[in-house]
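Before any comments, here is the structure.
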Amino acid sequence: MSVTEMFSYIQGFLSADQDIREDIRKVVQTLEQTAREILTVLQSVHQPSGFKEIPSKCTKARELFCTVRTQIAELKTKFPMEQYYRFHEHWRFVLQRLAFLAAFVVYLESETLVKREEVAQILGIEVVREKGFHLDVEDYLAGVLIMASELSRLAVNSVTAGDYNRPLRISNFINELDSGFRLLNLKNDPLRKRYDGLKYDVKKIEEVVYDLSIRGLAKEPEAAGEK
C-alpha cells in the first residue's frame, strides 16, 4: 500500500467516524429538548401552589419519559454497541440530566432514593455494561447529586409555601445521602467536585431547618407511611 492509499484509507475511516458522531448529535439534541420539557414540568412544584400539583406533574413527567425511551432506542441504532465508551461523551451530560429528573420524580412521589436499576428502567436502558446501552454508575451518581441541589431549593420554597414539615424530611433524606456518599472513594474528578456541592446543599437545608426551629414552626417528621 502506497502512502497515498494509506492516507486515503485513513480519511475514509475519519469520515465514517464523523458521520456516526453527527448522527448521534442529532438524536442527543432531541433528548436534550425532551429533558428540558420534563424539567419545565417539574419546576412548577417550586411555586407556592405547586405542592398540590405534585401527583399530576409526576404523571406528566412519566409520560414524557416515554418519549425519552423512544429517542434512546433510536440513539442505540446510531453506533456499534461495543463502542459505547468511544462515543459516551456525546450523551453523558444529557443522560446525567435524565437520571436527575428520574430521581426527582421518584423522590416527589415517594420521598425515597431511586435505585440505579429503576432509573435504567425509566429510561429504557440497561444496568449491566455487557448488555449494551447502559446507565454507568457514575452517571447515576451525578444525577443523584443534581437532585440533591434541587431538593435544597425545594426546602427553601416549602417554607415560602407554608409547608414547614417538608424541609425536615428533606434534611433527613439529604443527610442520609451525604452519609452514603462518604462511604465512596470518588476518583472521578467531575463527580468529586459535584459531591463537594452536596456539602453546601446540606448546610443550606440545615439553615432552613434551624430557622424553622427557632421560630417554633418545626415538628419532628412523621414516621414512614404516616405522611
Taking the options GLY216, GLY197, GLY180, name whichever one is exposed (fewer than 13 other Cβ atoms within 10 Å of the Cβ) and either in a helix (DSSP H, G or I) or modelled with pLDDT of 90 or more (or both).
GLY180
In segment 33-52, what residues are modelled with pLDDT of 95 or more and either more than 17 Å from PHE104 (Cβ to Cβ) or basic (Lys, Arg) (or both)?
GLN33, ARG36
Within segment 148-167, identify whether any single residue is closer than 21 Å to VAL94 by Cβ, in contact with a Leu (Cβ under 8 Å, 6 or more places away or on another chain) and without any contact (Cβ under 8 Å) to a residue 24 or more places away in the chain, and answer yes or no.
no
Would you confirm whether any residue within segment 50-57 is of a type in the set (D, E, K, R) and either within 17 Å of LEU135 (Cβ to Cβ) or open to solvent by less than 40 Å² (accessible area, probe 1.4 Å) (or both)?
no
Please count how many residues of segment 146-156 are open to solvent by less than 10 Å² (accessible area, probe 1.4 Å) and either under 11 Å from the mean Cα position of the chain (by Cα) or small (Gly, Ala, Ser) (or both).
4
Test: LEU39 is surrounded by 13 or more Cβ atoms within 10 Å (Cβ to Cβ), touching a residue at least 24 places away in the same chain (Cβ under 8 Å) and more than 17 Å from PHE133 (Cα to Cα)
yes
Just one listed residue, out of ARG97, ARG69, is touching a residue at least 60 places away in the same chain (Cβ under 8 Å) and open to solvent by 60 Å² or more (accessible area, probe 1.4 Å), and it is ARG97
Of the candidates GLU109, GLU117, GLU74, the one satisfying the condition of being within 19 Å of LEU31 (Cβ to Cβ), at pLDDT 95 or above and surrounded by fewer than 21 Cβ atoms within 10 Å (Cβ to Cβ) is GLU74
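The values are calculated or read from the model by the stated rules, or taken from the named source; none is laboratory data. All of these numbers come straight from a predicted model, not from anything done at the bench. Neighbour counts are summed over all protein chains in view; Cβ atoms, including those assigned to glycine, are modelled from backbone coordinates with ideal geometry. What goes into the accessible areas is simple: the full protein's heavy atoms, side chains included, and nothing from ligands, DNA or RNA. Shrake-Rupley method; radii C 1.70, N 1.55, O 1.52, S 1.80 Å.
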